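Data block below; observations after.
The values are calculated or read from the model by the stated rules, or taken from the named source; none is laboratory data. Just so you know, these numbers come straight off a predicted model, no measurement behind them. Quick reminder, even Gly has a Cβ in these numbers, built from the backbone with ideal geometry, and neighbours come from all protein chains shown.
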Amino acid sequence: MIDSAPELRCTPARVNVLDRTLVAAINGFAGRWPALDRVALVLAGNHLVKGGMVMALVWWAWFCRGGRREAIERRKTVVATLAAAAPALLLSFVVQSLMPFRPRPIHDPTLALHVPIGLASDVLADWSSFPSDHATLFFALAAGLFFVSRGLGIAAAAYVTLVIALPRIYVGWHYPSDILAGALIGATFASLAQHAAVRERLAPPILSWARAHPQAFHAAFFLLSYQVATLMDDARVLASLAIHLLRGDVA
């Protein structure tokens, strides 16, 4: 995953005291119980547990029973939420690229964190930790679900916090401020997308397509859901390959 060059970037970063204290406290349980470390690593890396469950809640919101008018408004909210998630995630990537490189906590020697049993020593060593793209995407979805149903949104936010965000701090992949910054980006974009002027511009064409061509729409919805659940991993691989091909970098 990493060659020798990025190692030069893995130098101690300026991190506030609260971040250091919290990440050390949460990570303090790592390396003691293999079972706990295994659970944390699975939660941090398993797409089904992370995005799969959150997207299941999105589909729940899409098909939730109700009157026709209520169903249309609910689906407009879902469309606007998914549309907002893309620019939120793009902004997260831009911030990661433009801001000074911030090593993952597990790669900062001044923190002396416990390495969870089974964690590869070089994992994510060449990826800046700020902000968290996981938090950006999944808190955007949770915020959008809040506009569908307050209870559903709270449940989604709690799930993202406890099952997606917390394990990533535990294993040393993120500081709490990485999570907070990503959550603010995602929730802000999702909330802005619910403004009537924005939602009424985005949603009606999609809903018209869904009514006119339900097979094509739901096939596309499935593919989109798969990509969102996996944090666009496959799409990013294909985009990277296309760029290399256009540049002639691939023999």
### Summary
Out of (1) touching a residue at least 40 places away in the same chain (Cβ under 8 Å); (2) under 30 Å from R32 (Cα atoms), the one T161 does not meet is (1)
### Task
Give the range 143-162 a look and list any residue that's touching a Leu at 6+ places or on another chain (Cβ under 6 Å) and either surrounded by fewer than 24 Cβ atoms within 10 Å (Cβ to Cβ) or not in a helix (DSSP H, G or I) (or both), or say none.
L152, G153
#### Entry: Check on G67, of a type outside the set (A, V, I, L, M, F, W, C) and free of Cβ contacts under 8 Å to residues at least 12 places away in the same chain
yes
### Query
So is V54 modelled with pLDDT of 90 or more, surrounded by fewer than 14 Cβ atoms within 10 Å (Cβ to Cβ), among the β-branched types (V, I, T) and more than 27 Å from H114 (Cβ to Cβ) or not?
no
### Query
What pairs can you find where one residue is in the range 237-249 and more than 19 Å from Q227 (Cα to Cα), the other is at pLDDT below 75, and their Cβ atoms are less than 8 Å apart, with a gap of 6+ or different chains?
H244/V250
### Unique residue being at pLDDT 85 or above, closer than 17 Å to Q194 by Cα and of a type in the set (D, E, K, R) when the list is R102, R150
R150
### Query
If you check every pair at least six apart or on different chains, which have Cβ atoms under 8 Å apart with a residue in the range 110-126 that is farther than 21 Å from Q96 by Cβ first and a residue that is of a type in the set (K, R) second?
H114/R32; I117/R38; G118/R38
### Task
Those residues that are outside any loop (DSSP other than H, G, I, E, B) and either among the small types (G, A, S) or within 14 Å of H174 (Cβ to Cβ) (or both), I need them from the range 22-39; list them, please.
L22, V23, A24, A25, I26, N27, A35
## Note on the structure
Counting only residues that are touching a Cys at 6+ places or on another chain (Cβ under 9 Å) and not in a loop (DSSP other than H, G, I, E, B), the range 84-105 contains a total of 0
### Message
Of the residues A71, A135, only one is out of contact with any Phe, Trp or Tyr (no Cβ under 8 Å at 6 or more places or on another chain), in a helix (DSSP H, G or I), over 18 Å from S225 (Cα atoms) and small (G, A, S); which?
### Response
A71
